1. Would you mind listing how long the range 113-234 runs along its three principal axes, going by Cα atoms, in whole Å with the largest first?
2. In the range 92-137, which GluC sites (Glu not before Pro) fall in coil by DSSP and have 11 or fewer other Cβ atoms within 10 Å?
3. Pairs of lysines 8 or more apart, or on different chains, with alpha carbons under 17 Å: count those in the chain, would you?
4. Determine the sum of side-chain charges near residue 80: Lys and Arg each +1, Asp and Glu each -1, restricted to other residues whose C-beta is under 9 angstrom from that of residue 80.
5. Where the centre of each part is set by its Cα atoms, how far does the range 50-86 sit from the range 127-165, in angstrom?
6. With runs of 4+ DSSP H residues as the only contributors, calculate the mean residue ellipticity of the chain at 222 nm using -39,500 (n - 2.57) per run, divided by the residue total and rounded to the nearest 500.
7. Normalised by the number of residues in the chain, what is the relative contact order in percent for Cα pairs under 8 Å and 6+ residues apart?
8. If R₀ is 22 angstrom, what is the calculated FRET efficiency for the pair residue 147 and residue 106, using the beta carbon separation as r and rounding to 0.05?
Amino acid sequence: MKPVVIFRHSPTEGPGYFATFLDAHLIPWRLVKIDAGEEVPANAGEFSGLVFMGGPMSANDDLPWIARVLRLISHAVEADIPVLGHCLGGQLMAKALGAEVVRNPVKEIGWGAVAVEDNAPAREWFGEIREFSGFHWHGETFALPQKATRIAESPYCANQAFVLGKHLGMQCHVEMTPELIRSWCEDWEKELVAKAGPSVQTPQQIFEGLEERVRTLNQIGATLYARWIEGLRP
């Protein structure tokens, strides 16, 4: 099988549990470190699937690699090569597919309820899961691409996940590990303390029951990832 390619946009926003899931399923993968200046591959056909992680930048920023990533996503979708996006990755997917990325009404940071939509695609991807506690860290959000279906929402962000065939874009994070969460809180503690409120948790709130919360989150991730890898190209 060709490898899955994973795009990292920030040193502390790596694939986390997603890499663990791929290794457990003996699926080869390659990490492209955009944050370290690595080039965006020109040909999506080199890979069985494309995965985009989060990052502190906006999908609307004038960064040289963003236009190349958008073209790559567009080409992958045209070629029916599965694409998966986490947070910024979901926003890049939406933008590549013609939808807007805009400021969310509020920042959403920390643990928060995500409701699964009552539609056939949502049941196909989530199975019997109707609600879960997702991990959030974003100030922007995506509109739904044409022909895409929303499969999850939250009280503070209507579009938490969309699907378009074998492609999945998420605003929330299901790839988190305790180590990733601790590093993010360390990097952005001032933001958490200054913005704390209904949609933004303090580090103390985020760390409460952390290990168990992450284990439960990873079960949600495994459900979604298992559905996604069904579409991988050989």
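1. In descending order, the Cα extents are 41, 27, 26 Å.
2. The qualifying sites are 128.
3. 4
4. So the environment of residue 80 carries a net charge of +1.
5. What the calculation gives is 17 Å, centre to centre.
6. Counting only the DSSP helices, I get -10000 deg cm²/dmol.
7. Taking the mean separation of contacting Cα pairs over the length of the chain, I get 21 percent.
8. Calculated transfer efficiency: 0.15.
Coordinate-derived values only; no laboratory data. Note that the coordinates shown come from a computational prediction; the quantities given were computed from them, not determined experimentally. Backbone-built Cβ (ideal geometry, glycine too); neighbour counts: all protein chains shown.
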